[in-house]
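J.: Have a look at the structure that comes next, please.
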Amino acid sequence: MSDVRKDIRRRSKEELRSFFVEHGAPAFHGNQVYEWLWQKAVTDFAQMTNLSKTHRALLSAHFSINHADVAQVQKSEDGTMKNAVRLHDGKVVESVLIPTETRSTACVSSQVGCSLDCSFCATAQLKRMRNLNPDEIFDQVATLNRQSLEHFSRPLSNIVFMGMGEPMMNYSNVIKAIEKITSPEGMGMSPRRITVSTSGIPKMIVKMADEHPRFKLAVSLHSAVEDTRNNIMPFSTNFPLTDLKDSIQYWYSKTKERVTYEYVVWKEINDSVDEVKALVNFCKHTPSKVNLIEYNPVGNDAFEQADNTAINLYVYELSKHQIPVTIRRSRGKDIDAACGQLANKSSH
Ligand code: SAH
C-alpha cells in the first residue's frame, strides 16, 4: 500500500511551485510538473522530460504518483472494453469504453461499491467500501482515453458517470475530477460531453445546480409511482418523488438543460398503463427525455425485462406528449460490462 501523504496529485499547482522554491529552484517547474500530471497524465517522474535529472530525483525522493493500474482488460464481442482498475490500497473498480462508429464513450466509477441499495443492480450488492479520490476518477478517464486512441485512433468523445457508485454521495471528489478533466491545464474536455448520472438525491441536485455546472444530468427514475420506486430503490423512501421533481425543476431553471431519465421496464413491476401515465406526468413538469434501458439480468428472479408491448406503450405515450424517448441497447453484456452489471466479478 502506498503512502497517501506523499501523493503528489494531492498538491495544488501553488504547492508544487512552493516546493521548488523551497528547494532553491524556480517556481515555474511547479507548473511543468502540474501539466505532466494532469494534461499528459504521466505515471512516472522519469517521463517528465523537460525537468533535469536532479529535479526528477528530488521529486521521487519526496513524492509518489499513486496512479491506478489496469489489472485486467476484457473485450466484448461488440467492441466494448472493460477495465478492472486496481487502486493504491488494492481495492478494485471497473470502468468501460463503449465505442460506436463515430464515438468513444467512457463509463467511469465514482465509488468502490455503492452507498445505495437498488435491488436490480449488481453493484449495490457489493455495498459501499469507499469513495474514490479525484485522481482515481481522473485515472480511469485518462486510461480509457489512451485505450481509445490506441484501438480506435480517436480520443474520448463523451464521459458518463454511470459506472459503480452514486456520484452524489461522493460529490466533491466527482466535481474535483470533472474540473481536472475539463480544465485547459488538464484534459481540456468540454463539460457538455460529460453526463453525471444519479439515482436521485434531491438536495444534492439542488446543491449542484447552484454551482452552475455545464455538464449534463441523468436521473435513474425507473418509476414515477412512489410505492413502486420505494420498493425497487429502497433508499428513495427518504426522498419523496415531489422533492425529486422539485430539485429537477430547479436544476432546469439554473441550467436550461433537459434532464435525461433512465428507465428500465420490468414485467409486473412498472409495465402497467398507470405506470406509463405516471411517467408521462412526471416528465411534463420539466423539459426532459427518456432513455429506456434494456434490463441486464443480475441474478435476482424478481426482475424480468418487460414484453415489447409494454415498451411500445411507453414509446407511444411519451411520443404523443412530445417527450423524446430512445431505446438503449445494452453493450458489453457478455463481459458483464453493461448497466448494473459492474461487480468486480472477474477480480474476485
Ligand atoms: N448511481 C448512479 C450511477 C450508476 S448509473 C445512478 O443510479 O444513476 C447505472 C445505471 O444503470 C442506472 O441508471 C441504473 O439504474 C441502471 N441499472 C442498474 N442495474 C441495472 C440492470 N440490471 N439493468 C439495466 N440497468 C441497470
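J.: Taking GLU275 as the residue in question, decide whether it is farther than 20 Å from THR198 by Cβ and more than 21 Å from the chain's Cα centre (by Cα).
T.: Answer is yes for this residue.
J.: Taking into account only those residues within the range 19-47 that are assigned to a helix (DSSP H, G or I) and open to solvent by 50 Å² or more (accessible area, probe 1.4 Å), which is nearest to GLY186 (Cα to Cα)?
T.: Per the stated criteria, the residue is GLU35.
J.: What are the residues in the range 134-143 that are under 13 Å from the mean Cα position of the chain (by Cα) and either surrounded by fewer than 24 Cβ atoms within 10 Å (Cβ to Cβ) or not aromatic (Phe, Trp, Tyr) (or both), if any?
T.: PRO134, GLU136, ILE137, ASP139, GLN140, VAL141, listed by residue number.
J.: Sticking with this one: Looking only at the range 151-171, which residues are closer than 14 Å to GLU94 by Cβ and hydrophobic (A, V, I, L, M, F, W, C)?
T.: VAL160, PHE161, MET162, MET164
J.: Quickly run through the range 286-303 and pick out the residues that are within 8 Å of the ligand (Cβ to nearest atom) and either open to solvent by 70 Å² or more (accessible area, probe 1.4 Å) or under 11 Å from ILE323 (Cα atoms) (or both).
T.: PRO297, the sole residue that qualifies.
J.: Moving on. Hey, any hits in the range 69-81 for a residue that's away from the ligand (no atom under 16 Å from the Cβ), within 22 Å of LYS180 (Cβ to Cβ) and either assigned by TED's automatic domain parsing to the domain that holds ALA25 or at pLDDT below 95 (or both)?
T.: Yes, the conditions are met somewhere in the range 69-81.
J.: Which residue pairs have Cβ atoms closer than 6 Å, lie 6 or more positions apart in sequence or on different chains, and pair a first residue in the range 311-323 that is closer than 17 Å to ASP274 by Cβ and acidic (Asp, Glu) with a second residue that is crowded, with 18+ Cβ neighbours inside 10 Å and at pLDDT 95 or above?
T.: As it stands, the answer is GLU317/VAL276, since those pairs meet every condition given.
J.: In addition: Out of (1) within 16 Å of the ligand (Cβ to nearest atom); (2) open to solvent by 20 Å² or more (accessible area, probe 1.4 Å), the odd one out for ALA306 is which?
T.: (2)
J.: For the range 103-136, how many residues meet the condition of being part of a helix (DSSP H, G or I) and within 13 Å of the ligand (Cβ to nearest atom)?
T.: Number satisfying all stated conditions: 4.
J.: Could you check how many residues of the range 144-171 are in a helix (DSSP H, G or I), surrounded by fewer than 20 Cβ atoms within 10 Å (Cβ to Cβ) and either within 16 Å of the ligand (Cβ to nearest atom) or hydroxyl-bearing (Ser, Thr, Tyr) (or both)?
T.: 2
J.: Taking the range 55-84 as the search range and keeping residues that are part of a loop (DSSP other than H, G, I, E, B) and over 25 Å from PHE19 (Cβ atoms), which one is most open to solvent (accessible area, probe 1.4 Å)?
T.: Checking each candidate, the answer is GLU77.
J.: Sticking with this one: Against the definition (surrounded by 14 or more Cβ atoms within 10 Å (Cβ to Cβ), more than 25 Å from the chain's Cα centre (by Cα) and touching a residue at least 24 places away in the same chain (Cβ under 8 Å)), how does LEU87 come out, yes or no?
T.: Against the criterion (surrounded by 14 or more Cβ atoms within 10 Å (Cβ to Cβ), more than 25 Å from the chain's Cα centre (by Cα) and touching a residue at least 24 places away in the same chain (Cβ under 8 Å)), LEU87 does not qualify.
J.: Let me ask something additional. Going residue by residue through the range 322-330, is there one that turns out to be more than 26 Å from GLU101 (Cβ to Cβ) and surrounded by fewer than 12 Cβ atoms within 10 Å (Cβ to Cβ)?
T.: yes
The values are calculated or read from the model by the stated rules, or taken from the named source; none is laboratory data. The shown structure was predicted, so the numbers you read here are calculated from the model rather than taken from an experiment. Reconstructed Cβ throughout: ideal geometry from the backbone, glycine too, with neighbour counts over all protein chains shown. Protein only, heavy atoms only, side chains kept; ligands, DNA and RNA dropped before computing areas. Shrake-Rupley method; radii C 1.70, N 1.55, O 1.52, S 1.80 Å.
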